[in-house]
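The values are calculated or read from the model by the stated rules, or taken from the named source; none is laboratory data. Since the structure is predicted, the reported quantities are computational estimates derived from the model, not experimental observations. So basically every Cβ, Gly included, is an ideal-geometry build from the backbone, and we count neighbours across all protein chains shown.
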């Protein structure tokens, strides 16, 4: 006859096993709540740099832009970013301004895209974003993570304004830094009298479920 002690042990072991069914093993991530993918050519990245050109009485922005943007944002069941699956990449070799000579200089001397062809933002956290994700309205929040540009990786914070819908999230993310932050040389050419030591980055995005 099986003793009461042994029978109790068997029942407790069975109960624990049943309670653990359906739960992911320890150390494995939970299933994501949602996955959002950048859609092209609806998304575009750009830089803005204030410059003073010879022969002009006022400064203006040099603006380089590209639609070569890819990326994915994955959120876990609690709304937190799944960092190992969330990133955005820009092909810097496709940046264009209104001046081919400027483009050539930026590619060769400033961004050095032959050696550093891409910029990548690894997303780590979204702050002040409602959860669950809204399906309508405009919301502002911050996105933080690590930006790799010109061979340098630094923590970066972006200010984001987004419009939420049931089928897409659209908006713009913005950040800025000085040239030295990513070991980039300030442009110096004859027709440009001065360049402000500040690079502004903008990402116009459209994300759809993917």
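Listed values, structure above:
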read-out: Matching residues, the stretch 117-145, being farther than 25 Å from residue 90 by Cβ and at pLDDT below 95; value: 130, 131, 132, 134, 135
read-out: For residue 155: the one exception among (1) in contact with a helix residue (DSSP H, G or I) (Cβ under 7 Å, 6 or more places away or on another chain); (2) over 17 Å from residue 204 (Cα atoms); value: (1)
read-out: Looking only at the stretch 112-130, and only at residues there that are outside any strand (DSSP E or B) and within 19 Å of the chain's Cα centre (by Cα), the one that is surrounded by the most Cβ atoms within 10 Å (Cβ to Cβ); value: 129
read-out: Only one of 181, 155, 162 that is in a helix (DSSP H, G or I) and modelled with pLDDT of 95 or more; value: 181
read-out: So residue 175, is it within 18 Å of residue 69 (Cα to Cα) and touching a helix residue (DSSP H, G or I) at 6+ places or on another chain (Cβ under 6 Å); value: no
read-out: Criterion violated by residue 139 - all others in (1) outside any loop (DSSP other than H, G, I, E, B); (2) more than 20 Å from residue 78 (Cβ to Cβ) satisfied; value: (2)
